[in-house]
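This report concerns only the one structure given below.
The values are calculated or read from the model by the stated rules, or taken from the named source; none is laboratory data. What you see is a predicted model; the values in this text were computed from it and never measured. With ideal geometry, Cβ positions are generated from the backbone for all residues, glycine too; neighbour counts draw on all protein chains shown.
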Amino acid sequence: MENRFKESLLNKNEFTITWEIVPGRGAREKSQEEVIEAAEAAAKSGKIHALTLTDNPGGNPAILADYLATEVLAKGIEPLVHFTCKDRNRNQIESQLYALDRAGVRNLLIMTGDYTVTGYSGRPKPVYDLDPIHVLDLISKMNQGLEYPGMKGKTIKHQPSDFFAGAVVSPFKATEAEQMVQYYKLKKKVKAGAQFIITQLGYDARKFHEVLQFIRQQGWDIPVIGNIYILPLGTAKAMNKNRIPGCVVTDKLVAQLEQEAQAPDKGYQARLDRAAKMYAFMKGMGFDGVHIGGHGVKFEDVEYIIEKGEEFSKNWLDYIHEFDFPIPGGFYYYEKDPKTGLNTPNPVDRKNRPLDAPVEFAYRLSTFTHRLMLEPGTPLWGPMRAIAKMVDGTSLERPYHAFEHLMKVCLYDCHDCGDCALVDVAYVCPMSQCPKYQRNGACGGSYMGWCEVYPNKKKCAWVRAYARLKRYGKEHELEERIVPPPNHDFQQTSSWLNYYLGRDHSASRFGIERYEKKKK
């Protein structure tokens, strides 16, 4: 079957347009009926290549986007389903992908997902068993024909799926550490199989140019879609206060919206024209398409943005100055081009910039310990491995584990996962220091270096890791390896034994030979 969204996005001569709809909470409420009405209007027009369906945005419950996607598909337009990791373990994710494949829903936007906020009888427990890199890797394997061991040692291989999966990146970060870990994680997403990229929403033209230029300089032949959000004053104020994670609206932009709201139409026309100008400069910069969204947006609004955006695109550089909304003191990856107001091709010199987080004593102690005994070839590696072999499977294992856990609780607030990723994240534990358990990079929700879930209380774990590594010129280590998800077989077991005996995920990285556990 034809996948119009995929074919348009891969066609260099076509500009792809998606329209985002929020399905909302309920099954037969107004918001669900509006999705179907939008699908019918978009299908008849032929101007929209995919209807995007969100997945519990803001951490609030809503109807499953997957099911509505089948109804959208029946109306004659491709759905683009937001597929997040927050509510499902790896079994459920795989099951859901099978269902989507069978239903013919092929276009997926893979995201971490907003931290859960509301639900039945209180705040729900988030899952985050896999991160977007893991899901993209799973989808890549499914597209090739997923293989797994069956009975009697036989390998089972499934028929290949036909997913077209993309990922998200935010260029709208205030600090160097926040921005660099976004780009490092983007590299992992592409390596894991992301087939297109959509930006987070923002209103700084220079930042849109930055992310596009960064992607092109990597040599990736991958489509990039810019995010256009039709921004009313109320939503702008919420984003400005960081009440909607990852969405950046500066004080300067809020002031402009307040002025526009004095018009008889409460700023409605100004909002549409701003979106049309964003359409124009994105097309002019070389984006492969746009993603149009906004609460209560009608098809007539989307049509206007497309038509007016095409008209404006002939002189797109004339509108760049209208999107000068930088975060005060914010970091840019490239040097500014004073002629265009955008960027030169030259990255800024990051070497002497101040760190965005302190380098604590625990990190210095951890690196000293690592050099002493935590890698093959270090002075105490042999004795430590010998002790592990001696303790493994004996009555000494319990006190050995208890001592290890006590030490790691004091230093890292260890949650005893048994498949330790400390060495992968500059000795910042992603299982205790990141509420979303991200082992491959920061989510998009951090703000001014602070964690999405604990703003102004807890620095993002990945900001801390970047600062630690940059202090010693090793920050690029954060982009080098895809760290697998934790193996829950190891929960509440000794990670030292699992590490020294070659059982955890680090064995392949360091070439540690596996030692089989003794029978008790």
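From LYS283, LYS241, LYS266, which residue is basic (Lys, Arg), touching an Asp or Glu at 6+ places or on another chain (Cβ under 9 Å), farther than 18 Å from SER313 by Cα and surrounded by fewer than 22 Cβ atoms within 10 Å (Cβ to Cβ)?
Of the residues listed, the single one that is basic (Lys, Arg), touching an Asp or Glu at 6+ places or on another chain (Cβ under 9 Å), farther than 18 Å from SER313 by Cα and surrounded by fewer than 22 Cβ atoms within 10 Å (Cβ to Cβ) is LYS266.
So is VAL81 touching a residue at least 24 places away in the same chain (Cβ under 8 Å) and over 23 Å from VAL127 (Cβ atoms) or not?
no
Is it the case, given these coordinates, that GLU147 is surrounded by fewer than 23 Cβ atoms within 10 Å (Cβ to Cβ) and at negative phi?
yes
Would you be able to tell me the number of residues in the range 430-455 that are without any contact (Cβ under 8 Å) to a residue 24 or more places away in the chain and either in a loop (DSSP other than H, G, I, E, B) or among the hydroxyl-bearing types (Ser, Thr, Tyr) (or both)?
Looking only at that region, the number is 3.
Looking only at the range 456-485, count how many residues are in contact with a Cys (Cβ under 6 Å, 6 or more places away or on another chain) and part of a loop (DSSP other than H, G, I, E, B).
Of the residues in the range 456-485, 2 are in contact with a Cys (Cβ under 6 Å, 6 or more places away or on another chain) and part of a loop (DSSP other than H, G, I, E, B).
Just name the residue that is nearest to LYS191 (Cα to Cα) out of those in the range 216-238 that are of a type in the set (Val, Ile, Thr) and surrounded by fewer than 23 Cβ atoms within 10 Å (Cβ to Cβ).
ILE222
Do the conditions hold for CYS460, that is, is it in contact with a strand residue (DSSP E or B) (Cβ under 8 Å, 6 or more places away or on another chain) and under 24 Å from VAL127 (Cβ atoms)?
yes
How many residues, within the range 481-511, are surrounded by fewer than 19 Cβ atoms within 10 Å (Cβ to Cβ), in contact with an Asp or Glu (Cβ under 7 Å, 6 or more places away or on another chain) and under 14 Å from TRP381 (Cα atoms)?
So the answer is 2.
Does TYR120 satisfy the condition of being among the hydroxyl-bearing types (Ser, Thr, Tyr), at pLDDT below 95, assigned to a loop (DSSP other than H, G, I, E, B) and closer than 30 Å to GLU452 by Cβ?
Taking the combined requirement at face value, the residue satisfies it.
Hand me the list of helices (runs of 4 or more DSSP H) wholly inside the range 1-88 holding 1 or more residues that are small (Gly, Ala, Ser) and surrounded by 24 or more Cβ atoms within 10 Å (Cβ to Cβ).
30-45, 65-74
Would you confirm, using the coordinates I've provided, whether GLY309 is under 30 Å from THR16 (Cα atoms), touching a residue at least 12 places away in the same chain (Cβ under 8 Å) and not basic (Lys, Arg)?
Answer is yes for this residue.
What are the residues in the range 167-193 that are more than 22 Å from CYS451 (Cα to Cα), touching a residue at least 60 places away in the same chain (Cβ under 8 Å) and touching a Ser or Thr at 6+ places or on another chain (Cβ under 9 Å), if any?
ALA192
So the check is Cβ under 6 Å with 6+ separation or different chains; which pairs have a first residue in the range 504-515 that's in contact (Cβ under 8 Å) with a residue 24 or more places away in the chain and a second one that's assigned to a loop (DSSP other than H, G, I, E, B) and loosely packed, with under 14 Cβ neighbours inside 10 Å?
PHE510/PRO376
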